[in-house]
């Protein structure tokens, strides 16, 4: 379903020492925040000509404002069609669940491209995170690209101790790893500790995630613990910064 975002009453203030493009971008940010995008809706911004007329500015000024919003991941452009709102998703940092379960709860069709699975010697960092004492300290390294409705959203590397999950490579790893660990090994992931930072995607990462080189990504390093509070999985994941916002509920 196609819709066009309604333009509000706010206009740029020519007395302010703030560039017109920035004022327009700020106005549009507010309009985007107030909008409600249905799951099947494709919401367009007013055309460049309409924005030029509305704010009495040049096309170059409007394009500068739209470039800014596009870099922030708020809109996307389709050649010959216009500029559209990008549906963003809140990633709940206080809830531990598999990527598959999270996407299904949002009404998306989850998908996985298994990019590789191999038995490797754990690095010192992984040994510490998973508290591996066996010699040699081997882990299954599972490299996957996660998709939602066919669109790449996350690159993930999961490391699981081979002692905890012998023969893990014989299972279907294109679905939920959490479900596989539970069904095949009786392991239930209950809690986790994670660190989040941001950086720019490399050329190789951008190619796989189908984003521009140098686009921002969230980097999440997470160690998950089982029902006995023993570490099971260490996850290193890249999430597209143009699709996700991080959300957490705080209390005093």
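A short reminder: the numbers here are calculations on the coordinates, not readings from a lab. This structure is a prediction, so every number in the text was calculated from the model and none was measured. Virtual Cβ from ideal backbone geometry, glycine too; neighbours counted across all protein chains shown.
Would you mind checking the tilt of helix 59-71 against the longest principal axis of the Cα atoms of the chain, expressed as 0 to 90 degrees and rounded to 10? Its long axis makes an angle of about 20 degrees. Secondary-structure-derived ellipticity at 222 nm for the chain, considering helices only, amounts to -7500 deg cm²/dmol, per-run term -39500 (n - 2.57) for DSSP H runs with n ≥ 4.
Comparing 31, 103, 78 in a Gaussian network model of the chain (Cα springs below 10 Å), the most mobile by mean-square fluctuation is 78. Taken over the stretch 107-252, the convex hull of the Cα atoms encloses 142 Å³ per residue. With contacts taken as Cα pairs under 8 Å at a separation of at least 6 residues, the chain carries a relative contact order of 16 percent. Taking the stretch 168-204 and a reference point 7 angstrom along Cα→Cβ of residue 251, no backbone N atom is nearer than 18 Å. Subtracting the Cα-Cα distance of residue 179 and residue 9 from 0.36 nm times their residue separation leaves 56.1 nm of extension gain. Hydrodynamic estimate: the Kirkwood radius of the chain over Cα pairs, inserted into Stokes-Einstein at 10 °C and 1.306 mPa s, corresponds to D of 77 µm²/s. Counting 0.36 nm for each residue step from residue 133 to residue 78 and taking away their Cα separation leaves a gain of 14.5 nm. Result for the chain in a Gaussian network model with C-alpha springs under 10 Å: among 164, 128, 14, the largest mean-square fluctuation is at 14. Neighbour counts of other Cβ atoms within 10 Å put 191, 83 in the fewest-to-most order 191, 83.
Computed from label points 7 Å out along Cα-Cβ, the spacing between residue 191 and residue 163 is 2.2 nm. Taking the DSSP beta bridges with both ends in the chain, the antiparallel portion is around 90 percent.
Between 0 and 90 degrees, the angle of helix 20-34 with respect to the longest Cα principal axis of the chain falls at about 60 degrees.
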